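Taking it in order: structure first as structure tokens, then the write-up.
The values are calculated or read from the model by the stated rules, or taken from the named source; none is laboratory data. All of these numbers come straight from a predicted model, not from anything done at the bench. As a convention, Cβ positions derive from the backbone with ideal geometry for all residues, glycine included, and neighbour counts pool all protein chains shown. Accessible surface areas use protein heavy atoms only, side chains included; no ligands, DNA or RNA. Shrake-Rupley method; radii C 1.70, N 1.55, O 1.52, S 1.80 Å.
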Amino acid sequence: METSNFEIVAREDFSDVTYLLEVRHPLMAKAAKPGQFVIVMLNEHGERIPLTIADFDRKKGTITMVIQAVGKTTKQMQQECQVGTALYGMVGPMGIPSPVSHAKKVVCVGGGLGVAPIYPQLRGFKESGAYVIAILGFRNKDLVFWEDKFRACCDDLILCTNDGSAGMKGMVTDGIKVALAGHSNIEEVVAIGPPVMMKACAEATRAAKIRTMVSVNPIMVDGTGMCGGCRVKVGGQVKFACVDGPDFDGHLVDFDDLMSRLQRFTAVEREAEKRWSESCRMTKQIGPSALHDVSLGRATQSELLELPDPFEDAMGG
Amino acid sequence: MAKKKTIRSIPQERTPMREQDPQARAKNFQEVACGYSLEDALRESERCLMCPDEPCISGCPVGINIPGFILKITEKNFRGAYDILTDTNLLPSICGRVCPQETQCEGVCIVGESLEAVAIGRLERFVGDTAIKEGWVNIPYIEPNRFKVGIVGSGPAGMACAADMAKAGCDVTVYEAFHQAGGVLKYGIPDFRLPNDVIDAEINNLKKLGVKFECNTLVGRLFTIEQMIDEMGFHAVFVGVGAGYPTMLGIPGDSLNGVLSANELLTRCNLMRAKEFPNYDTPVPMGRRVAVVGAGNTAMDATRVALRLGAEKVYCIYRRSRTEAPARAEEVHHAEQEGVEFHWLTNPVAILDDGKGGVRGMRCIRMELGEPDDSGRRRPVPIAGSEFDFEADLIVYAIGTNANPIMGQTSKLKLNKWGYIGVDENLAASVAGVFAGGDIVTGAATVIEAMGAGRKAARSMKAYLGIRDAGLPYLNRDGTGAGTLFGINTKERNFARVRVA
């Protein structure tokens, strides 16, 4: 009831697991600021998942999110969210916008999926006149995305891959070392990525006492400060990421606590995902007629059947 | 009116309400209290003495004409009873279920002085449910005016305010951050106490009055209160966003994975339907032994939800004694019947971890009651050396909430020292045209109090907009019309609004 639909106007697949969705929401595109996030629901039975806003286009009136298919919902979205279909729910922009400080020289670190949400911040720093160094980390060159988009916007770009297949070989922390060695006057570091990466970044700058902001993405339900599921320990105090964050001083965040709390539902989620992927296989075996039961929006049945099964590997194919 | 009734002539026993068997209901989410049948309602309505003092009306936060609607029931004129109820209360089915009647109307009932009070709440629910079943709606003749009113939050305060403003002819839009309207009625109060279809029926009644609902809208962040007034053309805005922001105990082990707020447990289970996982995608933490800290209505809901999710043992831990427990008496009673184990005068001091990020138990200390504190309740003090541990794998905090910070972060509304929105006696906030009420003003309270605040704000809003409040002259129950001039309340501030471009 009472829910309008949020149309997907563009989609791009960066790799087998990473995809971009651009959703029409003119009001939100007008309001969004770097560092904020949205909560989306795929369908009426779906869960509410927080996603950082990767970009917003005020003229087109769209919000962009980059998503990694890791669990049941994100994998189902990968399968079902085609251009022309719509999300059941999308609310935001949530959270306190990232403070774009007056720092003159800034390092923006994005790791994996975190590359997307660092972009609006980097652009914000650039627009406010800072010298911006981007450090982007990926596992390998197949996973690299938006390199050109970043190059067009920053003064210096250090690309790192774990296996050295693109850019320098190493982690983003190695990139930070390079940046720190090359520039003596870095005033601020912003890091977005998996918690373990943000923790490493915070450690890399702690000795030099460079202000390091991180964006945390814990488990949430409402995103309005009501459930307390997203609480994080920052400087010994309990903060709610949804309304007090999501950006915090990386030197104060208790990352071990954050990582432990992210495991809250791992077991049930894995089970849900397995059950879902099995039902997907069943649907395929039964044939297209059974697809009528599944709400697929406007994705044609043939399109769906052509999609690669993301679980082939996991299931021992 | 029927023959004069006396305390001796009325049915002596309060008519019981059929309930699901405790054993059976502790395993399902169907409503516990099944409601009055026609015969039950007729019998119970005979217990009202129609006393001239009518203390029940003043005991009701919204001033329902209680003897009036009960009289209609005795006359078997249920539509008439519904009409009287909806004069003052938009949501009889909801209030009949969730109001703490024992401290309000029923608490001051004359019959209650020598017998059990008239079951006003149950009668109200009977009339409300009958109306839903019969499809009755009271749509008054509405003369549209030029005013546009925005309501932030679709909970009880917002719904009550929206109804009054729509009846006054305003173009009303209600904004809700969640994907479904209803606020705490939807996410907080479980189905076995207040079924969702009852809430949806009441929301549909509002829609029939012309109220629009916009979900997925986080006011403050998507647009601000100031933007609503300055850019979006709203002439007045009511803020009823609730208290939110659950309190944690601040003891060791607070952030362990088996510890969560009652708000989170209830939201996952009620609104997100996690109880139907995996048919619905939202998971809910399961516990074999669940300890709920606190003894308010939310705590009772949490204990009973935990039972229904399959917990073997559910404890309720409260630092004061049963007498001080803030929950409705009926809720404590129901929880007890269903097998919740109460530990009064017990306070948690630490949550014990299982070494894997989860919970293995809780360390508590025994308390005793000392001198009365500011709230008038006797202050619990710890008994030295009385710590003890017990086993639990899920801990639910239901110890109250703090002010939700979003309004303060995004608007110039003045807040009080606790972070709640500051208002004057007419519920007007510090920005012209903005009114606030409910939990975001008072801190956590009850559904009916929030509705009362919504209605009060609506009255002030009408005065502010210069709309004559049709309700006022008729509320003058002595029939003399004192205080009104040609049917217009003399206290009404009637002025022309000038908008500066």
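Considering segment B:10-27, the residues that are of a type in the set (S, T, N, Q) and loosely packed, with under 13 Cβ neighbours inside 10 Å include one that is farthest from residue B:114 (Cα to Cα), namely B:23. Hey, any hits in segment A:48-66 for a residue that's assigned to a loop (DSSP other than H, G, I, E, B), closer than 20 Å to residue A:110 by Cα and of a type in the set (D, E, K, R)? No: segment A:48-66 contains no residue that is assigned to a loop (DSSP other than H, G, I, E, B), closer than 20 Å to residue A:110 by Cα and of a type in the set (D, E, K, R). Within this structure, residue B:42 passes the test of being modelled with pLDDT of 90 or more, hydrophobic (A, V, I, L, M, F, W, C), open to solvent by 10 Å² or more (accessible area, probe 1.4 Å) and in contact with a helix residue (DSSP H, G or I) (Cβ under 8 Å, 6 or more places away or on another chain). For the criterion of being out of contact with any strand residue (DSSP E or B) (no Cβ under 6 Å at 6 or more places or on another chain) and either in contact (Cβ under 8 Å) with a residue 40 or more places away in the chain or closer than 13 Å to residue B:317 by Cα (or both), residue B:385 fails. Among the residues of segment B:98-126, write down those that are open to solvent by 20 Å² or more (accessible area, probe 1.4 Å), in contact with a helix residue (DSSP H, G or I) (Cβ under 8 Å, 6 or more places away or on another chain) and in a helix (DSSP H, G or I). B:102, B:106, B:107, B:108, B:112, B:122, B:126 - these are the residues of segment B:98-126 that are open to solvent by 20 Å² or more (accessible area, probe 1.4 Å), in contact with a helix residue (DSSP H, G or I) (Cβ under 8 Å, 6 or more places away or on another chain) and in a helix (DSSP H, G or I).
Quick one: which residue in A:290, A:314 is assigned to a loop (DSSP other than H, G, I, E, B), more than 11 Å from chain B (Cβ to nearest Cβ) and modelled with pLDDT under 60? Steps first, answer last, please.
Numbers: A:290 fails: assigned to a loop (DSSP other than H, G, I, E, B).
After applying the criteria, what remains is A:314.
Can you confirm whether residue B:200 is within 11 Å of chain A (Cβ to nearest Cβ) and assigned to a helix (DSSP H, G or I)? The answer is yes for residue B:200.
Take residue A:69 and tell me if it is more than 18 Å from residue A:191 (Cβ to Cβ) and modelled with pLDDT under 90. Yes, satisfied. When residue A:101 is tested against (1) in contact with a strand residue (DSSP E or B) (Cβ under 7 Å, 6 or more places away or on another chain); (2) open to solvent by 20 Å² or more (accessible area, probe 1.4 Å); (3) under 22 Å from residue A:6 (Cα atoms), only condition (3) is not met.
Name the single residue, out of those in segment B:166-197 being farther than 22 Å from residue B:224 by Cβ and outside any loop (DSSP other than H, G, I, E, B), that is most open to solvent (accessible area, probe 1.4 Å). Only one residue fits best here, namely B:197. For residue A:233, the requirement of being part of a loop (DSSP other than H, G, I, E, B), basic (Lys, Arg), out of contact with any strand residue (DSSP E or B) (no Cβ under 6 Å at 6 or more places or on another chain) and without any contact (Cβ under 8 Å) to a residue 60 or more places away in the chain is not met.
Taking the condition of being more than 8 Å from every other protein chain (Cβ to nearest Cβ), modelled with pLDDT of 90 or more and surrounded by 23 or more Cβ atoms within 10 Å (Cβ to Cβ), how many residues in segment B:204-219 meet it? Matching residues across segment B:204-219 total 2.
For segment B:431-454, enumerate the residues that are assigned to a loop (DSSP other than H, G, I, E, B) and open to solvent by 20 Å² or more (accessible area, probe 1.4 Å).
Of everything in segment B:431-454, those that are assigned to a loop (DSSP other than H, G, I, E, B) and open to solvent by 20 Å² or more (accessible area, probe 1.4 Å) turn out to be B:431, B:432, B:444, B:445, B:446.
Within segment B:83-95, being open to solvent by 10 Å² or more (accessible area, probe 1.4 Å) and either without any contact (Cβ under 8 Å) to a residue 24 or more places away in the chain or part of a helix (DSSP H, G or I) (or both) holds for B:83, B:84, B:86, B:87, B:88.
Counting only helices (runs of 4 or more DSSP H) that fall entirely inside segment B:220-336 and contain at least 2 residues that are open to solvent by 10 Å² or more (accessible area, probe 1.4 Å) and more than 14 Å from chain A (Cβ to nearest Cβ), the qualifying elements are B:225-230, B:297-308.
Among residues of segment A:69-92 that are within 14 Å of chain B (Cβ to nearest Cβ) and within 16 Å of residue A:271 (Cβ to Cβ), those with a Cβ under 6 angstrom from a residue that is part of a loop (DSSP other than H, G, I, E, B) and of a type in the set (Asp, Glu), sequence gap 6+ or separate chain, pair up as A:73/A:47; A:73/B:281. Looking across segment A:14-47 at every residue that is touching a strand residue (DSSP E or B) at 6+ places or on another chain (Cβ under 9 Å) and in a helix (DSSP H, G or I), the one that is most open to solvent (accessible area, probe 1.4 Å) is identified as A:30. Any idea how many residues of segment A:179-215 are assigned to a loop (DSSP other than H, G, I, E, B) and surrounded by fewer than 22 Cβ atoms within 10 Å (Cβ to Cβ)? Qualifying residue count, segment A:179-215: 10. Every listed requirement among (1) assigned to a loop (DSSP other than H, G, I, E, B); (2) free of Cβ contacts under 8 Å to residues at least 40 places away in the same chain is met by residue A:264 save one, (2).
Filtered by the rule that a residue be open to solvent by 60 Å² or more (accessible area, probe 1.4 Å), in a helix (DSSP H, G or I) and not hydrophobic (A, V, I, L, M, F, W, C), segment A:169-178 gives a lone residue, A:177.
Among the residues of segment A:134-167, those that are over 15 Å from residue A:192 (Cβ atoms) and either in contact with a Cys (Cβ under 7 Å, 6 or more places away or on another chain) or among the polar types (S, T, N, Q) (or both) comprise A:140, A:161, A:162, A:165, A:167.
Listed conditions (1) under 30 Å from residue B:240 (Cβ atoms); (2) outside any helix (DSSP H, G or I) are all met by residue A:242, apart from (2).
Selection over segment B:337-365 of residues that are part of a loop (DSSP other than H, G, I, E, B) and small (Gly, Ala, Ser) gives a count of 4. Just a yes or no: is a residue in segment A:131-140 open to solvent by 20 Å² or more (accessible area, probe 1.4 Å) and under 20 Å from residue A:35 (Cα atoms)? Checking segment A:131-140: at least one residue is open to solvent by 20 Å² or more (accessible area, probe 1.4 Å) and under 20 Å from residue A:35 (Cα atoms). Scanning segment B:370-414 for residues that are of a type in the set (A, V, I, L, M, F, W, C) and surrounded by fewer than 16 Cβ atoms within 10 Å (Cβ to Cβ) yields a total of 4.
Scanning segment B:154-165 turns up no residue that is surrounded by fewer than 24 Cβ atoms within 10 Å (Cβ to Cβ) and facing chain A (nearest Cβ under 10 Å). Of all the residues that make up segment B:410-428, how many are more than 14 Å from residue B:440 (Cα to Cα), in contact (Cβ under 8 Å) with a residue 60 or more places away in the chain and not hydroxyl-bearing (Ser, Thr, Tyr)? Residues that pass the stated criteria total 1.
In this structure, residue A:59 does not qualify as free of Cβ contacts under 8 Å to residues at least 40 places away in the same chain, among the basic types (Lys, Arg) and within 14 Å of chain B (Cβ to nearest Cβ).
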